[in-house]
1. Condition first: outside any loop (DSSP other than H, G, I, E, B) and within 9 Å of the ligand (Cβ to nearest atom). Now tell me which residues in the stretch 295-319 satisfy that.
2. Which residue, of A206, A197, is aliphatic (A, V, I, L, M), open to solvent by less than 40 Å² (accessible area, probe 1.4 Å), more than 16 Å from the ligand (Cβ to nearest atom) and touching a helix residue (DSSP H, G or I) at 6+ places or on another chain (Cβ under 8 Å)?
3. Confirm whether A260 is part of a helix (DSSP H, G or I), in contact (Cβ under 8 Å) with a residue 24 or more places away in the chain, within 15 Å of the ligand (Cβ to nearest atom) and open to solvent by 40 Å² or more (accessible area, probe 1.4 Å).
4. Here is a list: I399, I413, I375. Which entry is in contact with a Ser or Thr (Cβ under 6 Å, 6 or more places away or on another chain) and among the aliphatic types (A, V, I, L, M)?
5. When the residues of the stretch 42-58 are filtered to those that are assigned to a loop (DSSP other than H, G, I, E, B) and within 13 Å of the ligand (Cβ to nearest atom), which remaining residue is farthest from A319 (Cα to Cα)?
6. Just name the residue that is most open to solvent (accessible area, probe 1.4 Å) out of those in the stretch 141-189 that are over 19 Å from I399 (Cβ atoms) and not in a helix (DSSP H, G or I).
7. Return the residues of the stretch 73-122 that are under 30 Å from P186 (Cα atoms), in a helix (DSSP H, G or I) and within 20 Å of the chain's Cα centre (by Cα); say none if nothing qualifies.
8. Can you run down the residue pairs with Cβ atoms below 9 Å, 6 or more apart or on separate chains, where the first is in the stretch 290-309 and farther than 19 Å from V374 by Cβ and of a type in the set (F, W, Y) and the partner is within 6 Å of the ligand (Cβ to nearest atom) and outside any loop (DSSP other than H, G, I, E, B)?
Amino acid sequence: MTKHTVTVTDNLTGKEVELDVLSPVVGPKAIDVRRLHKELGYFTYDPGYLATASCSSSITYLDGGEGTLMYRGYPIEQLAEESSFLEVCYLLLNGELPNKAEMQGFEDIITHHTMLHDQMQYFFRGFRRDAHPMAIMVGVVGALSAFYHDDLDIHDPAQRMRSAHRLIAKMPTIAAWSYRYHMGLPFMHPRNDMSYAEDFLHLMFATPCEDYEVDPLMAKALDVIFILHADHEQNASTSTVRLAGSSEANPFAAIAAGIASLWGPAHGGANEAVVNMLTEISESGESLQHWVDKAKNKDDNFRLMGFGHRVYKNYDPRAKIIRELANEILDRLPPDNPHQKLFDIARELEKVALEDDYFKQRNLYPNVDFYSGVIFLSMGIPVTMFTVMFALARTVGWISQWNEMMGDEENRIGRPRQLYTGAEKRDYISLEDR
Ligand code: SDX
């Protein structure tokens with residue numbers, strides 16, 4: 001079969017270089033530009049990496065035009081409907097769905113790693129009570145490496161997998177404790193007789209004074225939301241984890257870097273920003289069109305949070321599932337529940353925006369963050385915890401991508417170059433002469 005190549009011709013020098021075109025299993029082909037600098041002396045230029053494949057990966061595939069998303073080849077809609085978050089964790093980490101014995105074994109490992117070292121409680125107590133839970137999570141996850149000195153050989157696949165298990169297992173405890181500390185409540189300890197989502201709700205809302213009944217619908221909804229947030233190809237925080245990990249930093253430090261990146265309102269912080277935006281809209285008394293026009297106004301830095309996406313130029317498939325889930329949950333609550341109004345505003349806002357040419361021309365649709373906050377509110381999870389929820393779920397994606405990179409012999413330290421626009425060479429002038 002003819003090798004697929006492209007030829008780059010420099011019209012100043014007439015020099016040419018033939019570059020290989022790499023074919024994926026599905027999706028856009030990629031030009032291998034690694035010889036470009038050596039043979040033509042040029043870098044490629046792509047701020048924000050809009051058209052750059054930073055790595056090869058077999059974990060997640062998404063098609064922005066179609067609005068499709070697959071984990072290890074399985075469509076997200078089927079996984080959300082049929083699977084469980086822990087089964088999806090196994091799939092993302094290992095590449096295949098587990099059989100019964102593998103699933104039982106994995107569940108046992110995760111269940112028996114949910115506790116934190118007793119000393120870790122003192123990390124929480126060093127924060128102010130009003131510290132943002134994401135600040136606590138960044139600090140505590142980074143500190144985890146201090147407890148596993150003898151198990152951080154990143155070149156040993158078994159030690160890498162143990163770190164992955166520890167992170168997946170401990171994130172709900174760390175997330176819930178950051179909330180409990182903020183509320184001045186005693187830390188609850190994990191329960192081995194509960195599922196992953198049930199145990200998280202128990203860690204968040206139980207008290208030592210009485211038994212806690214987990215609401216099965218809320219636990220199921222949470223499990224689906226965790227599945228939908230588990231991985232998403234080379235997004236900003238995953239790329240951060242890969243870049244941090246490429247220097248051979250330990251996995252806890254790399255994941256802490258990913259949590260920091262996710263925190264931004266342009267990324268995972270958007271779910272918190274959406275509910276703040278919906279509340280502002282609800283209290284403003286202004287029409288929805290007023291807010292949509294504000295989002296279109298270039299002189300106004302207001303944006304419709306939860307709208308738009310770097311890759312999806314169609315409806316984010318996760319947003320569709322979350323919207324239906326929000327419908328189901330709110331239908332169970334009394335019509336005058338405090339969250340119904342925010343959800344109704346969100347539905348209306350979506351309608352107004354999707355009929356507006358500005359949004360249509362730019363293919364701006366609701367993304368994963370647009371409706372998730374309404375569900376978290378109905379579970380009693382406060383707004384400041386929303387991005388923590390995202391980080392909790394995305395940890396498996398981050399650590400699976402990190403593990404894939406560390407096992408890839410092509411892997412080397414990430415070190416992008418630049419287009420220098422600074423001063424030309426000049427001599428130092430002493431202070432007296434300036
Ligand atoms: C996540 O990458 C991932 O996969 C991320 C994620 C994951 O699972 O990991 O999916 C999770 O981060 C979802 C995105 C959450 N962020 C938000 O909801 C914040 C609001 N959205 C925007 O800030 C924006 O849409 C981004 C950051 C999501 C995407 O930014 P891009 O790709 O850089 O797009 P852009 O800013 O160049 O926008 C293109 C145009 C611009 O207008 P023009 O310059 O062409 O005139 O669309 C406009 C933008 O001004 N635009 C918006 C808008 N988003 C883009 N205008 C109003 N409201 C918006 N929300």
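1. Of everything in the stretch 295-319, those that are outside any loop (DSSP other than H, G, I, E, B) and within 9 Å of the ligand (Cβ to nearest atom) turn out to be A295, K296, F307, R318.
2. The unique qualifying residue is A197.
3. yes
4. Within the list I399, I413, I375, the selection yields I413.
5. D46
6. In this case the residue turns out to be H189.
7. Within the stretch 73-122, F85, L86, C89 meet the criteria.
8. That search, which allows pairs on different chains as well, returns F302/A295.
The values are calculated or read from the model by the stated rules, or taken from the named source; none is laboratory data. Here the structure is a predicted model, which means the values were calculated and not measured. Cβ coordinates were reconstructed from backbone atoms using ideal geometry, including for glycine residues, and neighbour counts include every protein chain displayed. Calculation scope for accessible area: heavy atoms of the full protein, side chains included, ligands and nucleic acids excluded. Shrake-Rupley method; radii C 1.70, N 1.55, O 1.52, S 1.80 Å.
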